[in-house]
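The structure appears right after this line, and notes come after that.
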Amino acid sequence: MADEEYPGARAYVPANADLDQLRAAVQKCRGCPLHAGTTQAVFGAGPATARLVFVGEQPGDQEDRRGLPFVGPAGILLNRALNDAGIDREQTYVTNAVKHFKFTQEGVGKRRIHQTPEQREVVACRPWLATELRLIDPDVIVALGATAGRSLMGNDFRVTRSRGIAIAWPPPGMAPADRRSILLVPTVHPSAVLRATDRDDAYAGLVADLEVAARALAGEQAGRSGSGQA
Ligand code: URA
Ligand code: SF4
């Protein structure tokens, strides 16, 4: 059953565009109903030369207002964790699986409450993420949480089972055969750390997973330059 409300983003992604052109084009996307009621689409941010890419879920309230990914409470926690893991955010590219904020609101002027995007929304939006990843062609991707993990690895993916290990991406069957294989490190979403009963423990787990990503990146780079062991 083709759903007219969910045509997907593909027709809105311009061919041969660079990241800045994609960032402009995403504002006109009507690939799913999530654009309604938002301030703007929030595209990824960071250098096109980044070797490490972070994929979150979707923009939150602050991201929707400011037009940048991970600038609200989850972003502040992520910045602290990156710092503790020895990763410089300025050198990374940060984006989301879904580019528009999904929320509920009880009335005008009321607080907008985050809603988890459905799989059909994640699938509808995936052409944007796929295009970002194809252009940047990083060495390592970090999936922050279940939504990012499912967008990148398929619907059966479980963060709890795979977090903190570097796995081959894309998985078989999810990308063209000529796509070079890189490393994906899944971890929890920073918002899950903020909600955890034992926050210190959850935070330490996030930092440990980010350290795995930092080591994977160092290994990939050593392997490519032909020095050191991968
Ligand atoms: N949560 C996300 O997944 N992404 C953001 O950009 C902000 C909060
Ligand atoms: Fe397009 Fe993604 Fe926004 Fe849906 S969420 S309208 S697919 S950019």
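The values are calculated or read from the model by the stated rules, or taken from the named source; none is laboratory data. Bear in mind the structure is a predicted one, so any value in this text is a computation, not a measurement. All Cβ positions, even for glycine, are placed from backbone atoms using ideal geometry, and neighbour counts span all protein chains on display. Protein only, heavy atoms only, side chains kept; ligands, DNA and RNA dropped before computing areas. Shrake-Rupley method; radii C 1.70, N 1.55, O 1.52, S 1.80 Å.
Key figures
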| read-out | value |
| --- | --- |
| Filtered residue count, the stretch 138-163, keeping only those that are under 14 Å from the mean Cα position of the chain (by Cα) and charged (D, E, K, R) | 1 |
| When residues of the stretch 96-118 are limited to those that are free of Cβ contacts under 8 Å to residues at least 60 places away in the same chain and in contact with a helix residue (DSSP H, G or I) (Cβ under 6 Å, 6 or more places away or on another chain), the one most open to solvent (accessible area, probe 1.4 Å) | Arg112 |
| Among residues of the stretch 143-161, those that are within 11 Å of ligand 1 (Cβ to nearest atom) and either modelled with pLDDT under 95 or not in a helix (DSSP H, G or I) (or both), counted | 3 |
| All positions within the stretch 22-60 that are among the hydrophobic types (A, V, I, L, M, F, W, C), out of contact with any Leu (no Cβ under 6 Å at 6 or more places or on another chain) and open to solvent by 10 Å² or more (accessible area, probe 1.4 Å) | Ala24, Ala25, Cys29, Cys32, Leu34, Ala36 |
